[in-house]
Structures are given as structure tokens and as C-alpha cells.
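Structure, as C-alpha cells:
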Amino acid sequence: MCKKNFLNYFILKITSNSRYLLLLLVFLSTLTIVSCNNIDSLDKAINWEDNQTKIISLTDYSIIGSISFKNTTDSFLGNYTINHQNNAEMLILRDFFGKQVFSSVSTDFASLLMELGIDFSSDELKTITSLNINLSSLLLANIPSERVDDMVMDQHGFPLKIYLNNHQVDFAQYQSINELMIPKKIVITGIDYQATFSIKNFSII
């Protein structure tokens with residue numbers, strides 16, 4: 001009798017768990033479909049060339065987000081702020097705990113990595129310094145096509161990947177802020193290192 005009750009309880013438990021698991025899968029599938037539809041509708045609503053023309057014409061704006069960096073020997077996790085006013089920029093970098101690491105009027109990507117105090121190999125240093133790219137332009141996907149070695153775009157003209165000077169840049173996701181389409185996550189992969197930026201706030205001043 002005890003064995004029978006235990007067996008019935010065991011079957012009931014599996015059935016109940018399976019029902020919850022099925023409901024969870026249905027919920028996640030619905031959420032994914034809705035998210036994809038939202039992204040597709042945004043892509044179709046905004047022309048990429050017009051979008052970039054508006055971004056280039058901006059004179060005063062700020063970008064706030066997070067940064068993570070790792071290579072074979074070091075890592076860094078923190079937050080950044082870029083203030084752009086009248087073609088002049090200020091970069092402020094803070095660590096994970098909010099302590100300011102440094103501030104600089106240069107937003108050159110290579111200079112940022114140098115300021116992190118990361119121990120790069122000579123080959124890495126040579127590749128990074130040859131990149132010669134402005135960080136804010138990179139974060140906003142404002143990269144002239146003639147400066148890249150190759151570029152992969154989606155059907156609406158949005159850059160998904162760019163390749164330049166032995167680096168791969170992935171624009172993992174886009175978001176609509178202030179009627180502009182800008183990247184949400186940017187992953188830069190070089191020789192034995194990777195830097196990931198997210199844009200949490202983009203404000204037109």
C-alpha cells in the first residue's frame with residue numbers, strides 16, 4: 001500500500017513539474033517572439049542612413065554605460081561616461097564600486113585601454129595602437145565604410161559586424177533612444193583580448 005501511494009505521489013510530482021515547465025517554455029517563447037517583433041518594427045521604421053546623418057549632426061550629447069575587459073592575464077569591470085560638447089569630449093571611467101579611475105579629454109579607444117594599466121604583449125600593443133578609432137564613434141556605430149576592412153549588415157542596413165586592423169566589432173543589439181537607433185551592446189575582439197561596452201543612457205544635451 002505504501003509503495004503504491006509513493007508511486008502515485010511520484011507520478012503526480014512529475015506531471016505537476018512537467019506542467020510548470022511547459023508553461024515556462026511557452027512564456028519564454030512568447031517573450032522572445034514579442035522582443036523580435038519589436039526589434040524588427042524598429043528596424044523598418046528608421047532608415048539607417050538618415051539615422052547616421054542625425055547622429056553626425058549632433059553637437060552636444062552624453063553616453064553612459066558599462067565596460068568589461070579581459071585578456072589572458074587581466075580583467076576590468078566598471079562604468080564610463082562620455083560627454084561630447086562642441087566637438088570636444090571628456091571621458092570618465094569608474095571601477096565597479098564607482099571610484100573614478102581616470103578622466104581624459106581623449107576618447108581614443110587605444111588610449112582608454114592603455115589607461116586601464118593592462119599588461120599587453122608587444123603584438124597586442126602594436127595592433128591596438130594601429131586601430132586609431134574614436135570611442136564615441138565606435139559606440140554609435142558611426143564608422144565610415146572606407147575605414148573598415150569588411151562589414152556585415154542586416155537587410156535594413158544596420159551594421160552587425162565590422163572588421164578593421166585585426167579587430168572584430170559586433171553590434172549585438174540595437175535600441176531606440178531619442179528617436180535614434182543606436183547600439184545597445186558592442187563587443188570588440190582583438191588578439192587575445194575582448195572589450196564589451198553597453199549603452200545604458202544616451203542623452204542629447
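Every number in this text was worked out from the coordinates using simple rules, so none of it is lab data. None of the values given here were measured: they were computed from a predicted structure. Every residue, glycine among them, receives a Cβ derived from its backbone with ideal geometry; neighbour counts consider all protein chains shown.
Report the calculated FRET efficiency for L77 and N178 (r = Cβ-Cβ distance, R0 = 25 Å), to the nearest 0.05. Please report the intermediate quantities before stating the final value.
On the way: r = 27 Å, r/R0 = 1.10.
Between L77 and N178 the formula returns 0.35.
Report the gain in length on full extension from I56 to I191: 0.36 nm times residue separation, minus Cα-Cα distance, nm rounded to one decimal.
45.6 nm
In a solvent-free Debye calculation with one equal scatterer on each Cα, what is log10 I(q)/I(0) for segment 48-204 at q = 0.15, 0.17, 0.20 Å⁻¹, listed in the order of the q values?
Ignoring solvent entirely, the Cα scatterers give -0.79, -1.03, -1.45.
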